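Enquirer: Attaching a single structure in structure tokens format; questions to follow.
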Ligand SMILES: Cc1cc2nc3c(=O)[nH]c(=O)nc-3n(C[C@H](O)[C@H](O)[C@H](O)COP(=O)(O)O)c2cc1C
């Protein structure tokens, strides 16, 4: 079975809630899924997985979190060519600009962008369902 890693950073728990819902959606679709905080995962671990859901909120000024997630992601980028990827995260006020920039970045890396999801602040019930659907989409793209 194809394996998926969900790798995220979350300071306040909003993106973490999204990550957990995405895991549930991927599992319900029959995927083999593992959840990692970014400090428990490295680019070297990527070889063990066939697809990725990456989660990080908008931080700084429309950038990825700079202390842990951005350094990880810079290393990950060299391993994304042809790889199915979905992006998600929570934001506060920027209207999702950080995610649009992130999408362009992974496309430039040659990743197969399956989907992306930005949610303002905490995900509500519909938001969690959308996260689950994103997880399902990645499983379907791998099968
Ligand atoms: C230091 C800091 C910088 C932020 N910068 C942005 C930003 O540039 N754009 C934006 O839309 N939200 C920004 N936010 C809001 C967060 O993206 C928002 O609170 C989000 O829900 C945090 O997700 P988390 O609970 O997973 O950490 C920022 C928050 C913090 C604490």
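The values are calculated or read from the model by the stated rules, or taken from the named source; none is laboratory data. Just so it is clear, the model here is predicted, and its values are computed rather than measured. Here the Cβ is made from the backbone with ideal geometry for all residues, glycine too, and neighbour counts use every protein chain on show.
Enquirer: From the residues in the stretch 1-20 that are within 16 Å of the ligand (Cβ to nearest atom) and buried (at least 22 other Cβ atoms within 10 Å of the Cβ), which one is nearest to residue 124 (Cα to Cα)?
Expert: First, the residues of the stretch 1-20 that are within 16 Å of the ligand (Cβ to nearest atom): 6-20.
Now narrow it down to the ones that are buried (at least 22 other Cβ atoms within 10 Å of the Cβ): 6-9, 15, 18-19.
Details: 6: 20, 7: 21, 8: 19, 9: 19, 15: 12, 18: 10, 19: 13 Å.
This residue is 18.
Enquirer: Can you find a residue in the stretch 76-86 that is away from the ligand (no atom under 16 Å from the Cβ), under 20 Å from residue 128 (Cβ atoms) and modelled with pLDDT under 95? Even if it seems obvious, please write down each step before you answer.
Expert: Initial filter on the stretch 76-86 (away from the ligand (no atom under 16 Å from the Cβ)): 76-86.
Checking which are under 20 Å from residue 128 (Cβ atoms) leaves us with 86.
Filter once more, so that each one left must be modelled with pLDDT under 95: none.
The answer is no; no qualifying residue exists.
Enquirer: I've got another one for you. If you take the residues in the stretch 101-112 that are in a helix (DSSP H, G or I) and over 13 Å from the mean Cα position of the chain (by Cα), which one is nearest to residue 51 (Cα to Cα)? Spell out how you get there, then give the answer.
Expert: First, pick out the residues of the stretch 101-112 that are in a helix (DSSP H, G or I): 101-108.
Checking which are over 13 Å from the mean Cα position of the chain (by Cα) leaves us with 101, 104-105, 107-108.
Numbers: 101: 20, 104: 18, 105: 17, 107: 15, 108: 17 Å.
Among them, the one singled out is 107.
Enquirer: Something else now. Which count do you get for residues in the stretch 21-31 that are surrounded by 15 or more Cβ atoms within 10 Å (Cβ to Cβ) and outside any helix (DSSP H, G or I)? Explain how you work it out, then say what you get.
Expert: The first filter runs over the stretch 21-31 and keeps only residues surrounded by 15 or more Cβ atoms within 10 Å (Cβ to Cβ), leaving 21-27, 29, 31.
Next, only the ones that are outside any helix (DSSP H, G or I) stay: 29, 31.
Of the residues in the stretch 21-31, 2 are surrounded by 15 or more Cβ atoms within 10 Å (Cβ to Cβ) and outside any helix (DSSP H, G or I).
Enquirer: Something else about it: Exactly one condition in (1) within 16 Å of the ligand (Cβ to nearest atom); (2) surrounded by 14 or more Cβ atoms within 10 Å (Cβ to Cβ); (3) farther than 18 Å from residue 13 by Cα is false for residue 135; which is it?
Expert: (1)
Enquirer: Can you pull out every residue in the stretch 95-131 that is closer than 19 Å to residue 70 by Cα, out of contact with any helix residue (DSSP H, G or I) (no Cβ under 9 Å at 6 or more places or on another chain) and within 13 Å of the ligand (Cβ to nearest atom)? Talk me through it step by step, then tell me what you get.
Expert: Here is the first cut: in the stretch 95-131, the ones closer than 19 Å to residue 70 by Cα are 96-111, 113, 116-118.
Remaining after also requiring out of contact with any helix residue (DSSP H, G or I) (no Cβ under 9 Å at 6 or more places or on another chain): 96-101, 103-104, 107, 110.
Selection gives 96, 97, 98, 99, 100, 101.
Enquirer: For residues that are farther than 18 Å from residue 79 by Cα, in contact (Cβ under 8 Å) with a residue 40 or more places away in the chain and in contact with a strand residue (DSSP E or B) (Cβ under 7 Å, 6 or more places away or on another chain), scanning just the stretch 21-55, find the one that is farthest from the ligand (Cβ to nearest atom).
Expert: Result: 31.
Enquirer: Does residue 115 fit the bill of being in a loop (DSSP other than H, G, I, E, B) and closer than 26 Å to residue 128 by Cβ? Can you show your working first?
Expert: Working: in a loop (DSSP other than H, G, I, E, B): no; closer than 26 Å to residue 128 by Cβ: yes.
Against the criterion (in a loop (DSSP other than H, G, I, E, B) and closer than 26 Å to residue 128 by Cβ), residue 115 does not qualify.
Enquirer: Could you tell me how many of the residues in the stretch 66-94 are in a helix (DSSP H, G or I) and touching a helix residue (DSSP H, G or I) at 6+ places or on another chain (Cβ under 7 Å)?
Expert: Our first condition is that a residue be in a helix (DSSP H, G or I); within the stretch 66-94, this holds for 69-79.
With touching a helix residue (DSSP H, G or I) at 6+ places or on another chain (Cβ under 7 Å) added as a condition, the list becomes 69, 72, 75-76, 79.
Summing the residues that are in a helix (DSSP H, G or I) and touching a helix residue (DSSP H, G or I) at 6+ places or on another chain (Cβ under 7 Å) in the stretch 66-94 gives 5.
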